[in-house]
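The values are calculated or read from the model by the stated rules, or taken from the named source; none is laboratory data. Quick caveat: nothing in here was measured; it's all calculated off a predicted structure. A quick note on method: Cβ atoms are made from the backbone with ideal geometry, for glycine too, and the neighbour counts reach across all protein chains shown.
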Amino acid sequence: MATERTFSIIKPDATRRNLTGAVNAVIEQAGLRIVAQKRIHMTQAQAEAFYGVHAARPFFRDLVTFMISGPVVVQVLEADNAVARYRDVMGATNPANAEPGTIRKLFAESIEANSAHGSDSLENAAIEISYFFAGTEIVG
Ligand code: IDP
Ligand code: MG
């Protein structure tokens, strides 16, 4: 299996509850390496661009408002099969449907405030990583 990099966000509901370390422990225990990480407060323009694919969805406005409601931690995660592996580690979008032990089952407050973002494809991972990180900030 090929080594991949995926993009992760620890969302404002998790940073607000001081869960950055707890989420990172789940990530690391699953064998994903955190090869870049920084805490930022997204601007409205950044959040709108990042979630642009969802612009037509009914929850888009609320999602952008939520994502700029507090700081987030943006990360690059590296592992064999990192994209699919991190989707598994996060669990289903709706925490009610997430498997036990996943980040969303453990920590999410709701389908919106669901504690984590993870890229859905290798192609989107590269786009999302380059949106927030310079190559020199990623140390594998
Ligand atoms: P994903 O994060 O599991 O990939 P997406 O469908 O890409 O899920 O949705 C992006 C984000 O939008 C979700 O993580 C969640 O925060 C929010 N979201 C998705 N569906 C809903 C919904 O039905 N109501 C409110 N927020 C939603
Ligand atoms: Mg998605």
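Here are the numbers for this structure:
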| read-out | value |
| --- | --- |
| First in the stretch 83-97 and at negative phi and touching a residue at least 60 places away in the same chain (Cβ under 8 Å), second anywhere and assigned to a helix (DSSP H, G or I) and of a type in the set (Phe, Trp, Tyr), Cβ under 9 Å, 6 or more apart | none |
| Residue match in the stretch 130-138 (condition: within 13 Å of ligand 2 (Cβ to nearest atom) and charged (D, E, K, R)) | no |
| The stretch 55-83, subset within 13 Å of the chain's Cα centre (by Cα) and within 13 Å of ligand 1 (Cβ to nearest atom), residue surrounded by the fewest Cβ atoms within 10 Å (Cβ to Cβ) | VAL83 |
| Any hit, the stretch 74-94, residues being away from ligand 2 (no atom under 14 Å from the Cβ), modelled with pLDDT of 95 or more, farther than 21 Å from GLU4 by Cα and among the hydrophobic types (A, V, I, L, M, F, W, C) | no |
| Single condition ALA98 does not satisfy, out of (1) within 22 Å of VAL64 (Cα to Cα); (2) within 15 Å of ligand 2 (Cβ to nearest atom); (3) surrounded by 14 or more Cβ atoms within 10 Å (Cβ to Cβ) | (1) |
| Any hit, the stretch 34-43, residues being under 24 Å from GLU137 (Cα atoms), outside any helix (DSSP H, G or I) and among the basic types (Lys, Arg) | yes |
| Qualifying residue in the stretch 46-57 (condition: without any contact (Cβ under 8 Å) to a residue 40 or more places away in the chain, away from ligand 2 (no atom under 14 Å from the Cβ) and not in a helix (DSSP H, G or I)) | yes |
| Residue in the stretch 117-125 that is away from ligand 1 (no atom under 13 Å from the Cβ), of a type outside the set (D, E, K, R), within 24 Å of GLN46 (Cα to Cα) and not in a loop (DSSP other than H, G, I, E, B) present | yes |
| For THR15: the one exception among (1) more than 16 Å from ligand 2 (Cβ to nearest atom); (2) surrounded by fewer than 16 Cβ atoms within 10 Å (Cβ to Cβ) | (2) |
| Condition check for LEU106: away from ligand 1 (no atom under 13 Å from the Cβ), modelled with pLDDT of 95 or more and not charged (D, E, K, R) | yes |
| Count of the stretch 99-140 residues which are among the basic types (Lys, Arg) and under 14 Å from the mean Cα position of the chain (by Cα) | 1 |
